[in-house]
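The values are calculated or read from the model by the stated rules, or taken from the named source; none is laboratory data. This is a predicted model, so every value here is computed, not measured. Neighbour counts are summed over all protein chains in view; Cβ atoms, including those assigned to glycine, are modelled from backbone coordinates with ideal geometry.
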Amino acid sequence: MALDPSDFTRCCKDSGLLMVVKCQKENASLKECLTSYYNDPAFYEECKMEYLKEREEFRKTGIPTKRKLQKLPTSM
């Protein structure tokens, strides 16, 4: 049974500098999870379409999506 990818983060926080030794099982599980996404053609297409949409919007407005999503201060 594969571990939850957040288990790696938890293990690293709990282990400090010993994470290299103590978290090998969690690291292997995280790599397995990421590799499954990297090799998934549907996920690749989804990411590509999202990137192209953001690029098109940037070319129209000149504003990166990250900045556009930030909230404006309520008091000026």
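Observations
- Pairs where the first residue, in region 36-65, is in contact (Cβ under 8 Å) with a residue 12 or more places away in the chain and the second is outside any loop (DSSP other than H, G, I, E, B) and surrounded by 12 or more Cβ atoms within 10 Å (Cβ to Cβ), C-beta under 7 Å, 6+ apart: none
- Elements of type helices (runs of 4 or more DSSP H) contained in region 12-76, each with 3 or more residues being modelled with pLDDT under 90 and out of contact with any helix residue (DSSP H, G or I) (no Cβ under 6 Å at 6 or more places or on another chain): 24-38, 65-69
- For region 5-28, the condition of being aromatic (Phe, Trp, Tyr) and surrounded by 12 or more Cβ atoms within 10 Å (Cβ to Cβ) holds for at least one residue.
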